[in-house]
Amino acid sequence: MVEMRDGKKVLVTPVSAEDLKDIHIGDIIYLDGSLTTCRDVAHRRVVEEGREIPVDVRNNAILHAGPIIRPLEDDKFEMVSVGPTTSMRMEKFEYEFVKTTGVRVIVGKGGMKENTANACKDFGCIHCVIPAGNAVVAAVCVEEIVRAEWRDLGMPETLWNCRVKEFGPLIVSIDAEGRNYFEEKKVEYNKKKDEQIELISKQVGFIK
Amino acid sequence: MTKEAQVKKMTDMMAKFVGFTGIKLPDDVIAKLEELRAKEDSPMAKVIYDTMFRNQELAVKLNRPSCQDTGVLQFWVKCGTGFPLINELEGLLKDAVVQATFSTPLRHNSVETFDEYNTGKNVGKGTPTVWWDIVPNWDGCEIYTYMAGGGCTLPGNATVLMPGEGYEGVTKFVLDRMTSYGLNACPPLLVGVGVATSVETAALLSKKALMRPIGSHNENERAAKMEKLLEDGINAIGLGPQGMGGNYSVMGVHIENTARHPSAIGVAVNVGCWSHRRGHIIFDKDLNYTITSHTGCEL
C-alpha cells in the first residue's frame, strides 16, 4: 500500500507490484511495517544451501545491515544502532533471492548491478539506499524487534525482524522497471574521471 | 598509585574514549562536513546532509554509536621509552576494547580467520591492531584511535608501479578507485595515499595519512601540490554525499611518502568515510591526559 503523509510518500507492507509502479529512481520514500535485516550468510543459505528463510519476507522488506542490539529480558531485544551495509556484496545472490523469497523492497548502501536490476524488473521489486552512517536515525524508526532467527550467525548476521515506522529517507536506486541510478551516474563519473586524470597528469611529471 | 591501579585507570580511560569516539565525530570532521553541506544545492544532497547532521545530534542525545559499524579498532601509538605503562600498553588497549564493547556498546566485529567465528568481544588474533612508534627519552604516550568500518575498508588497494608510469600512474590508480569502490564507501571521503617503495610501506602510510587532521598538508611542496590536485580532481567527479551526486566528493586527500627503490613506486590508497571516527589523546607519565580531537570530551 502507498500512503501520502505530510508530503511524504510512505510504502506500507505488505507491498504489491502495483504499489511500485509510480516509484522511480531518485525518488525519496519511507517505509512502514515489516523489515528484516538480511546480509551475506543469510543470502548464501537461501541461494546456495537452498534453506527456507525462517522469516517470511514475501511482499515485505529486507535491509542489508548488521545492527548493534542490546538484549532485554524475556528474549526481547532493543535496536541500538542500525544502518545499511554495502549492498554490492549481495549482488551475486540477489536475483535468486528475490525470486525465491518474493521480497519487494531491498534497502542497503550503494549501488547494485544487473542481477538485482533484472530481479526488480522480472519480479516487481525495488532497491533503495538509506543514507549510510546514520544508524541512530534508522534505529529510532524501529518500533519493535519482533523476532530473531538464525541467531547462530552472531549479532551482525542474525535475521532481525523489525516493525518500523517511517523508516527512511530511502532513495530509490533501482526501480521496478530495472532502471539503475548508480549505473547511470557511473557513466557520468567515469567520463569526468578520465578528464581529470588527463588534466592532473599534465602537472605531476616529477620524474624527469 | 600502584602499577595495578595505574593500569586500571588507563584501561578505563581508553575504554571511555573509544566509546566516545563512536558517538561523536572529531571537531575537524564536523567542521569540514558543515562546510561541504553549505556548498551543496541539489534537493537529494540536502536531504542526505540533513539526515547526517540529525543523526549526529541523536547519537549524542541518546548516547549511542552514530554508525552501527564501529569497526575493528586500530591504535597508532607513539610511546616514550620512559612511559611507565609501556610494558602493559598493548594488553590494556585490548582490555579497553573488550570493556567498550559491552559498555558503549560496540558491534562485534572480530571474526577469527580460517576458524570463521565471531569472538563476540571485538578482540581476536592480532585485533585490535596496534602500531608502535617508540620515542626515545620521553615519558609520555600519544595514541590515535580509529574505528575501521567495513564499508570504507573495502576500497583499500596497493600496487607497485614501474617508474615509467610515474606520478601520472599514481593519479590514475587513485582516481580509478574512487569511481569503482569509493562511491559505495560513504562519501564525502577522506582519502589517504601512500607513495613509497613497496606494497606494505605504501599501504601503512596510506592509512597513517588518515590520522592527520583535515586541512593539513604534506610538508613536501610537490606532494602538497599533488594533494590539492587530487582533491580538486576527485571533487570534480561529483560523487556527492553517499556517491549519489553533488558538488563535492571528498573531505580531503592526504599523501604520506618515503623514499623509494629506483626501480619501483609503491602506491596505496585507503579511504575514511564521512563518519571518520578518529580520536587523539596524549598521556603524561602521571596519566594526565589531553584530547586534541574532540573539544569537551572528559573521561
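When region A:149-161 is limited to residues that are surrounded by 17 or more Cβ atoms within 10 Å (Cβ to Cβ) and in contact with a Ser or Thr (Cβ under 9 Å, 6 or more places away or on another chain), the one that is farthest from B:GLU57 (Cα to Cα) turns out to be A:TRP150. Scanning region B:33-44 for residues that are surrounded by fewer than 22 Cβ atoms within 10 Å (Cβ to Cβ) and assigned to a helix (DSSP H, G or I) yields B:GLU34, B:GLU35, B:ARG37, B:ALA38, B:PRO43, B:MET44.
Scanning region B:136-174 for residues that are among the charged types (D, E, K, R) and in contact with a Phe, Trp or Tyr (Cβ under 9 Å, 6 or more places away or on another chain) returns B:ASP139, B:GLU142, B:GLU165.
Can you go through A:VAL146, A:VAL137 and tell me which one is crowded, with 20+ Cβ neighbours inside 10 Å and of a type in the set (A, V, I, L, M)? When all the criteria are applied, what remains is A:VAL137.
With the condition being touching a Lys or Arg at 6+ places or on another chain (Cβ under 9 Å) and of a type in the set (Val, Ile, Thr), I'd like the helices (runs of 4 or more DSSP H) fully within region A:73-188 carrying at least 1 qualifying residues. Give the steps one after another, and end with the answer.
Numbers: elements: A:91-101, A:114-123, A:135-139.
Per the criteria, A:91-101, A:135-139.
Scanning region B:149-177 for residues that are among the aliphatic types (A, V, I, L, M), outside any loop (DSSP other than H, G, I, E, B) and facing another protein chain (nearest Cβ under 7 Å) yields a count of 1.
Go over the candidates A:LEU199, A:LEU153 one by one and state the one that is of a type outside the set (Ser, Thr, Tyr) and at pLDDT 95 or above. Break it down stepwise before answering.
Details: A:LEU153 fails: at pLDDT 95 or above.
Residue meeting the stated conditions: A:LEU199.
Just give me the residues in region A:24-70 being within 14 Å of chain B (Cβ to nearest Cβ) and buried (at least 19 other Cβ atoms within 10 Å of the Cβ), in sequence order. Selection gives A:ILE25, A:ILE29, A:TYR30, A:THR37, A:ARG39, A:LEU63, A:HIS64, A:ALA65, A:GLY66, A:PRO67, A:ILE68, A:ILE69.
What are the residues in region B:101-115 that are aliphatic (A, V, I, L, M) and surrounded by 20 or more Cβ atoms within 10 Å (Cβ to Cβ), if any? Quick ask: steps written out before the conclusion?
Residues of region B:101-115 that are aliphatic (A, V, I, L, M), as a first pass: B:106, B:111.
B:LEU106 - this is the single residue of region B:101-115 that is aliphatic (A, V, I, L, M) and surrounded by 20 or more Cβ atoms within 10 Å (Cβ to Cβ).
Take the residues in region B:51-81 that are within 23 Å of B:LEU92 (Cα to Cα) and of a type in the set (Val, Ile, Thr); name whichever of them is surrounded by the fewest Cβ atoms within 10 Å (Cβ to Cβ). Applying the filter and picking the extreme gives B:THR81.
Test A:VAL41 against the criterion of being among the hydrophobic types (A, V, I, L, M, F, W, C) and not in a helix (DSSP H, G or I), and give yes or no. Reasoning before the result, please.
Details: among the hydrophobic types (A, V, I, L, M, F, W, C): yes; not in a helix (DSSP H, G or I): no.
So A:VAL41 does not fit the description; no.
The values are calculated or read from the model by the stated rules, or taken from the named source; none is laboratory data. Being a predicted model, the structure only gives us computed values, none of them experimental. Heads up, the Cβs are rebuilt from the backbone with ideal geometry, glycines too, and the neighbour counts pull from every protein chain shown.
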